[in-house]
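Undergrad: Below is one structure. I have some questions about it.
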Amino acid sequence: MTPGDTDFPEEDLEDLYEHAPCGYLSTRPDGTVVKVNATFLDWTGHRAEDVIGRPFQDLLTPGGRIYHQTHVAPLLRLQGSVKAIALELLCPGGRRLPVLVSSDVRADASGTPVLVRTAVVDHTERRSYERELVRARKAAEDSERRVRVLHRAAAQFAEATSTAEVVAALAGILADEPGNAGAGVWLVDPDRAALVHAGEDGPPAASVADAAVPAAAPVPLAAAVRGHDVVAVPTPAAAEQDFPAVALPMHRARVESLLAVPLAADGGVVGAYQATFRRRRGFTPEQLELHRTLARQAGAAIERSRLDEEVRHLAQHDPLTGAANRALFTSRLDQALADARRTGAPVSAMFLDLDGFKAVNDGHGHSAGDDLLVEIAQRLRRVVRPRDTVGRLGGDEFAVLCAGADPAEAAHIARRLEEAVRAPVAVAGRSVTVTVTASVGIVVHDPGSCPPASAGQLLRYADAAMYRAKALGKDRHVMYDTTFGTELPRLTAQGVRATLPG
Amino acid sequence: MAVQASTRHRNTTGVLRRNNVSVAGAPDGRPLVFAHGFGCDQHVWRWVAPAFAENHPTVLFDHVGAGGSDLSAYDRARYDTLDGYAADVVEICDALDLRDAVFVGHSVGATIGVLAAQRAPGRIGALVLVAPSPCFLDDPADGYTGGFSREDIDDLLETLAGNYLGWSAAMAPVFMGNPDRPELAEELVNAFCRTDPAIAEHFATVTFLADHRRDLAGVEVPTLVLQCSDDVLASEAVGRYVHRQVRGSRFVQLRATGHCPHIGAPEETAAAIRAFLETT
């Protein structure tokens, strides 16, 4: 003590230790408390005998205990000291006391730790302020992320021009969620009373659902649609309890939790998506709300795109028979010709006119004629190949586009068409049975040996061949060739060749 | 066998850099790979690994996100489960062309080893599980007592947040490169067990909410369970559970207290590992 301090009361070191403005603890290297000061006991409300002999980490909250054992204790040994570690002491009655903890290791001459000195400072005020700060920052980050997801969804759904594009955009957004082990979108198919997987590749294995999910199935997807709300399966145990049918598939796919979310639109639920996660999730209300909002956006977009598709379909199809109208047929034929120039594959087009249709119309009325056309169009669609297009060009005139068909295959398809038309048809409420036949004109365009041709040209050649079939006695097909008169360009059975009119 | 970087592996250097892999010890002998747990880095093995250096190659590494690992390699999706960490271990074994290695994993590092051993048969020939816990959460469904509740883990996340507040700002000059203050970089090199706060929070979530109990039955290599006394993170009941689930495993109760016997009682820990090595 310096001379100037003579009137300052002499410090009793024992009193200084016991009543210092911070808590002191001495522990063994394994954490067992051997000495504690009065300040520490005052602050915490512990009695000395409750603290002495216990490991220091026992005085902490459970989370603090984990942090202490995994980080602070090893760090103390590695560095010999730790400074200002934020922890919370668990006090009698369950009260928590936020503190800052600093410790020093005292070692013997050989460097072996013998004692740890720990100082504890009350951190209550700053801790609560910091906690608010952390919470606010976290809330802001979460909300920013949600807004970003919904903003992206709104932009991509607005750009989508078809249901398939909406589905693809939704799947992409879901796939970008961290921890996602696979997401799939299913659409309601009212005809089959089922949800049908939408997308190119079939259901991903990890998405834990079949390609077609019956509406009544006891699985999350169907339950979400039935209940019009999100179904959360947060753990494998929850799956076993609520949806035993998916528990095993989840385990096999290494999926521990999932969400099934209905795609709700004004007109009802149009589908649902399922997001699967590699580990169990405690889904927060905010997360569930994000999914509900995302699903509402997607549902509305799907409903809108379906209306668009319906309008487009109406504009491109014959309202009576559902066959492609002239505009759509011509554009598909043009597209097929363009593809053929690239691939070198032939394109066949057929013109089909019904023999005896006028008699049906005149004898049994227009409504019977309509019945006949509807039935014939259905039959034509049934006997062509899946990717072929059947169009109705007007009256009793149909056309068929068979991309890739060479003359032999085209003739084969034509025979099937004739056969399908030839079978008797019940009309006028099944009270009358009528029979018609078909005259078919075929033109095969071979890009390897023919100059480029347009859809209009090909249809004119097929039309000419159809007239030749009529002239030869109907109920048959004729392949367009060069003998069809001088008003048309010369053709061969292999395709259109040379001498197109200038 | 010699431990050396395999030339067959296209990305050997990348893997070794990513996980800050360091190889020491004898050039020949059965290799030992040491994996640290949550909250630490490879420095925790500083008193155990050298005990084997005379007769074994020793491989230390940091999980991505910890210690001197490449933080830019931290991919939230990859590391959203312990499988991602296990895949890293397999890549390290491939990169060093290790065969029949003894994998020594502490705490969550032990679980990562359980997963890795099943992904890479032949690479990992034995497991030493130090204070293991396949699931820290209690499971009311079957009475399993992992020791913690979901609220306890939330409490841990809050504790982490409280200790990392401002950390990013403090370390920013180091990451940005500050040639005027080289001591900052020096400080980072010397700092043990540091990690980025966002990564620490994510790793804590993945570690303490994971449930890998079902993976224990798939272990087919000789396994040693090292159980500490008075371990609040991995109780004796949990250690005995691991021992029961891993067929043919050996259970050794250490006198060491707490969760980190490799730090608190390195001699006892090394002796138990050595005794196991002599019989497998």
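Undergrad: In terms of the ratio Rg/(2.2 N^0.38 Å) built on C-alpha atoms, what value belongs to the stretch A:142-312?
TA: 0.96
Undergrad: Rounded to the nearest 0.05, what FRET efficiency do A:Val147 and A:Ala338 give with R0 = 45 Å and r taken as the Cβ-Cβ distance? Could you check?
TA: Calculated transfer efficiency: 0.55.
Undergrad: In nm, to one decimal, how far is the A:Gln79 label point from the B:Ala237 one, both placed 7 Å along Cα→Cβ?
TA: That separation, rounded to one decimal, is 3.5 nm.
Undergrad: Can you give the average number of partner chain beta-carbon atoms within 10 Å of each beta-carbon in peptide A:253-260, as a whole number?
TA: Taking the mean over all residues of the peptide, I get 1.
Undergrad: Where does the charge balance sit around B:Arg274 when Lys and Arg score +1, Asp and Glu -1, over other residues with C-beta under 14 Å from its C-beta?
TA: Value of the local net charge: -2.
Undergrad: Also, quick follow-up: State the Cα centre-to-centre distance between the stretch A:64-128 and the stretch A:355-369 in whole Å.
TA: Here the two parts' Cα centres lie 98 Å apart.
Undergrad: Mind computing the radius of gyration and Dmax over the alpha-carbon atoms of the stretch A:326-496? Å is fine for both.
TA: In Å, with Rg to one decimal and Dmax whole: 16.0, 52.
Undergrad: Using modelled backbone amide H atoms (1.01 Å from N, in-plane), which distant-in-sequence or interchain residues come within less than 5 Å of A:Ala198's amide H?
TA: HN-HN under 5 Å from A:Ala198: A:Val185, A:Trp186, A:Leu187.
Undergrad: Then there is this: If you plug each phi of the stretch B:52-63 into the Karplus form 6.51 cos²θ - 1.76 cosθ + 1.60 with θ = phi - 60°, what whole-Hz ³J(HN,Hα) values come out, in order, with x for Gly and Pro?
TA: Karplus values, whole Hz, x for Gly and Pro: 10, 5, 5, 10, 9, x, 10, 10, 10, 7, 10, 4.
Undergrad: Related question: Can you tell me how much longer the chain between A:His228 and A:Arg96 gets when fully stretched, taken as 0.36 nm per residue apart minus their C-alpha distance, in nm with one decimal?
TA: Here the answer is 43.2 nm.
Undergrad: If Lys and Arg each add +1 and Asp and Glu each add -1, what is the summed charge of the other residues whose beta carbon sits under 14 Å from the beta carbon of B:Thr195?
TA: Result for the neighbourhood of B:Thr195: -4.
Undergrad: What does the charge count near A:Asp353 come to, summing +1 for each Lys or Arg and -1 for each Asp or Glu among other residues with Cβ under 10 Å from its Cβ?
TA: -2
Undergrad: Based on the Kirkwood radius over alpha-carbon pairs, what is the Stokes-Einstein translational diffusion coefficient of the stretch A:3-122 at 37 °C with 0.692 mPa s viscosity, in µm²/s?
TA: The Stokes-Einstein estimate is 217 µm²/s.
Undergrad: Sticking with this structure for a sec: Which of the lysines could be linked to A:Lys35 by a straight reach, that is with a Cα gap under 29 Å, when you skip same-chain ones fewer than 8 residues away?
TA: A:Lys83
Undergrad: In Å, what is the Rg of the alpha-carbon atoms in the stretch B:15-150, and how long is Dmax?
TA: Every Cα atom of the stretch B:15-150 included, Rg and Dmax give 15.0, 49 Å.
Undergrad: What's the ranking of B:103-116, A:377-390, B:223-236, A:109-122 by average number of surrounding C-beta atoms within 10 Å, highest first?
TA: B:103-116, B:223-236, A:377-390, A:109-122
Undergrad: Let me ask something else. Determine ³J(HN,Hα), in whole Hz, for all residues of the stretch A:323-338 in sequence, where each value follows from phi through the Karplus function 6.51 cos²θ - 1.76 cosθ + 1.60 and θ = phi - 60°; x replaces Gly and Pro.
TA: For the stretch A:323-338, the Karplus curve yields 6, 4, 7, 4, 4, 5, 4, 4, 5, 5, 5, 4, 4, 5, 5, 5 Hz.
Undergrad: With 10 Å bins from zero, work out the P(r) of the stretch A:218-291 over every alpha carbon pair and list the percent per bin.
TA: 21, 52, 23, 3
Undergrad: Binned at 5 Å from 0, what are the whole-percent values of the Cα-Cα distance distribution for the stretch B:12-278, short to long?
TA: 1, 6, 13, 18, 19, 18, 13, 7, 4, 1, 0, 0
Undergrad: Quick one: which residues, 5+ away or cross-chain, put their amide H under 5 Å from the amide H of A:Asp355? H built at 1.01 Å from N.
TA: Residues meeting the criterion, in which the H sits 1.01 Å from N, are A:Thr437, A:Ala438, A:Ser439.
Undergrad: Further question on the same structure: Inside 10 Å of the C-beta atoms of B:255-265, what's the mean count of C-beta atoms belonging to other chains?
TA: Per residue, the number of nearby Cβ atoms from other chains is 4 on average.
Undergrad: Okay, next question. Determine which aspartates and glutamates satisfy two conditions relative to A:Lys358: a Cα distance under 13 Å, and not lying fewer than 8 residues away in the same chain.
TA: Once the sequence-local aspartates and glutamates are set aside, what remains near A:Lys358 is A:Asp370, A:Asp396, A:Glu397.
Undergrad: What residues have an amide H closer than 5 Å to that of A:Leu60, excluding those fewer than 5 places away on the same chain, when H is modeled at 1.01 Å from N in the peptide plane?
TA: A:Leu90
Undergrad: Taking all pairs of different Cα atoms in chain A, averaging 1/r and flipping that mean, what Kirkwood radius in angstroms comes out?
TA: Computed over chain A, the radius equals 30.5 Å.
Undergrad: If you don't mind, another one. Give a quick list of trypsin sites (Lys or Arg not before Pro) in the stretch A:6-110 that DSSP marks as loop, anything other than H, G, I, E or B, with at most 16 other Cβ atoms within 10 Å.
TA: A:Arg47, A:Arg95
Undergrad: Using the Karplus curve 6.51 cos²θ - 1.76 cosθ + 1.60 with θ = phi - 60°, work out ³J(HN,Hα) for each residue of the stretch A:81-95 in order, rounded to whole Hz, and write x for Gly and Pro.
TA: Going residue by residue, I get 7, 10, 10, 6, 8, 7, 9, 10, 8, 8, 9, x, x, x, 5 Hz, with x marking Gly and Pro.
Every number in this text was worked out from the coordinates using simple rules, so none of it is lab data. Owing to the predicted nature of the structure, the values given are computational and were not obtained by experimental measurement. In this analysis, Cβ positions are derived from the backbone assuming ideal geometry, glycine residues included, and neighbour counts consider all displayed protein chains.
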